[in-house]
Amino acid sequence: MQADALTFLSERIELAHYPAGAEILTPGMGVPRFFHIIERGSVQARQEGTAPGEAEIALGPGECFPIGAIAADRASTNTYTAIEDSYVYALPARDFLALMRMSPEFHLFCTRHIASLLGQSRAQLQASFGQRASEQRTMTTPLAQLLAHELVSVAPDTPTRDVLQRMNDERVGCMVVVGPQREPLGILTQSDVIPRIVLAGADLAAPVDTVMTPDPKTASSSASAYDAALTMATHGIQHLVVTDSRGHAQGVVSERDLFSLQRTSLRQIRASIDGAREIDTLERAARDIRQLALNLVAQGVAAEQLTQFISALNDALTRRIIELGLERHGLEDLDYAWLAFGSEGRHEQTLSTDQDNGLIFATPQREAPDALRKRLLAFARDVNEQLARCGFPLCTGNIMASNPELCLTLDEWKQRFAKWIREPQPQALLNASIFFDFRVLAGQAAWGEELRDWLDATARKNLTFLRLMAENALKATPPLGRFRDFTLASDGTIDLKKSGARIFVDAARILALRCGVRASSTAERLRQAGAQIGMRAEEIAAMLDGFHFIQLLRLRSQHLETEHDAPGDNCVRPDQLNELDRRILKEAFRQARKLQLRLKLDYQL
């Protein structure tokens, strides 16, 4: 905060002492009269209406309460009790509200507490990688700041010869074709010249719209370099037209503008993947993807964008392996859909992840289903083994397309899902937590859409199934301690996947099924389903911040393990985190618990 705000605060707070067992604040006290900041000791917070030990956490020095109750002028929903002799600063409620108006920093802290802490954490991370990050472009830079010169453009009726001459004169690698309002109609790049003009023997007097790429990919000038990189990775392109808020072309950013990450560039990776004819080339591309991702971790790119970026490049790699496999097995004309499940199905892959996949196929009239399935299983086994060579370990639970139980026709998949919903035994609920997060990665996307429509409609009708899924989701609890910050495993670690990310993922899946949300990613499910069931925007934002921080810690942990040539995992030692990250992690687990409490109330569990 600014000096005047700090002075205001210091002049109005008073230090109070609370012996062990003393109640500092309860719901019965009405609207809180004071905002509290713990100076020394430990305070237990317990949710109203819950049994002792069920929803309790310990707050330590530097933590404060109750922000929401004072801001909303309502009674607290928690009881705060001193665990040990504690000293707590008290700021009168009216001064708390005045400080929020006076200090934008304090206002952000109170309204988006976890978001403000995340910003500080990212700044610390970037500082710790200072030299490394300084050698690379920041991926959060708006595209408007990357435009090196004014837009070079032509009208669609400009002769191709004139366009090529101007590209040479202006020394640009592409030419944007625009309409009367500078709306982008097409683009012609240097890489288009040989195949479309030279080898095709195109008439140079013909207008450029006969050889351009129509409807070029665009990005808003306010979008980040990361957004542009993800679009390029997804579509395998080298240039993006940058537009203003009205859709008018402003300039072009290229892959070269975005990346110079230790000799590993996006275009090089995509080119090596798209042109690969053998597994060795794809193995090198897989290593490059991981190196690129590690550099983005070092730059402090947010977890949601990072996992999407990793998934987009891994998708391209997997599709190429599938394409080559279809050729080897003589299945080029096959109608199929390659399904991605789990984290890959949610676009949430980290640096250390195994493969979860399956197949949908249709039997041609002249071929017996069993004979085709046999050929498909051989093809799928080949793909699974190639993916393993590229760093995606074979699934120990055999959730792979080479498993005959996961190589099915569309009707067979519906029957399989229907049985799990109709007879929700423990194994069926476990299957639902994996298989319901699916998307078509290659092949007939329409089959995936049909299966999703059918699944959503079937699951929403079965309230018992959803209730049992909610009950199953509550079995994993956030590792928050009653008398200390965290509950730890015997080796002093927390598994961030099983005890953290999984809680958000499971809850989001249930909410999505309940609300008919078609999104597969956890973040989008929470955004869309949360809004439908009446969650406040700031509540959803805090939960997303908590989920993304846990994902970021997973990526950072895997990053450090990879640098030391050890297999990356999802475990973290809280005692090795800095104080700021420990505070954010505790807040993230609180958000996970809030999400579980909502499920508990909704399904009366």
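Please determine, in degrees from 0 to 90 and to the nearest 10, the orientation of helix 426-435 with respect to the longest principal axis defined by the Cα atoms of the chain, where the helix direction is its Cα long axis. The angle comes out at about 50 degrees. Descending by average beta-carbon neighbour count within 10 Å, the peptides 378-385, 460-467, 544-551 line up as 544-551, 378-385, 460-467, the highest first. Computed from Cα positions, the angle between helix 463-473 and the longest principal axis of the chain comes to roughly 70 degrees. Taking a sphere under 11 Å around the Cβ of residue 408 and counting the other residues whose Cβ falls inside, with K and R at +1 and D and E at -1, yields a net charge of 0.
Among residues other than residue 522 whose Cβ falls under 11 Å from its Cβ, what is the net charge (Lys/Arg +1, Asp/Glu -1)?
That sum, taken over residues with Cβ under 11 Å, equals 0.
What you get for the chain, charging only the Cβ of Lys and Arg (+1) and of Asp and Glu (-1), is a dipole of about 960 debye around the Cα centre.
Entry note, the chain: the mean residue ellipticity at 222 nm calculated from DSSP H runs of n ≥ 4, each adding -39500 (n - 2.57), is -15000 deg cm²/dmol after division by the residues and rounding to the nearest 500. Rounded to 0.05, the FRET efficiency of the residue 169 and residue 213 pair, given R0 = 25 Å and the Cβ-Cβ distance, is 0.70. If you plug the beta carbon distance of residue 111 and residue 422 into 1/(1 + (r/R0)^6) with R0 = 41 Å, you get a FRET efficiency near 0.35.
Using C-alpha pairs under 8 Å with a sequence gap of at least 6, the mean separation divided by the residue count of region 419-561 gives a relative contact order of 21 percent. Between residue 327 and residue 150, the modelled labels are 4.7 nm apart [label points 7 Å from Cα along Cα→Cβ]. In the chain, the longest principal axis of the Cα atoms and the axis of helix 3-12 are about 30 degrees apart.
Extension gain for residue 464 to residue 246 (0.36 nm times residue separation, less C-alpha to C-alpha distance): 73.6 nm.
Summarising the label geometry, the points placed 7 Å from Cα in the beta-carbon direction at residue 181 and residue 531 lie 2.5 nm from one another.
A straight line joining the Cα centroids of region 303-345 and region 193-235 runs 25 Å.
Taking 0.36 nm per residue of separation and subtracting the current Cα-Cα distance, fully stretching the chain between residue 162 and residue 411 would add 84.0 nm.
Each peptide in 16-28, 397-409, 99-111 receives the mean, over its residues, of other Cβ atoms within 10 Å, and ordering these scores from highest gives 397-409, 99-111, 16-28. Between residue 272 and residue 445, the simple spin-label model (points 7 angstrom out along Cα→Cβ) gives 2.8 nm. Between residue 26 and residue 434, the FRET efficiency from the beta-carbon distance, with R0 = 35 Å, is close to 0.25. What's log10 of I(q)/I(0) for region 468-602 at q = 0.18, 0.21 Å⁻¹, Debye sum over Cα points only, no solvent? Cα-only, vacuum Debye calculation for region 468-602: -0.99, -1.24.
Label zone (residue 72, point 7 Å along Cα-to-C-beta; backbone nitrogen cut-off 13 Å) within region 91-106: none.
The stretch between residue 6 and residue 98, if pulled fully straight at 0.36 nm per residue, gains 31.9 nm over its current Cα-Cα span. Using the average count of surrounding beta-carbon atoms within 10 Å as a protection proxy, the listed peptides 159-172, 281-294 rank, highest first, as 281-294, 159-172.
Every number in this text was worked out from the coordinates using simple rules, so none of it is lab data. Values in this document were obtained by computation on a predicted structure and should not be read as measured data. In this analysis, Cβ positions are derived from the backbone assuming ideal geometry, glycine residues included, and neighbour counts consider all displayed protein chains.
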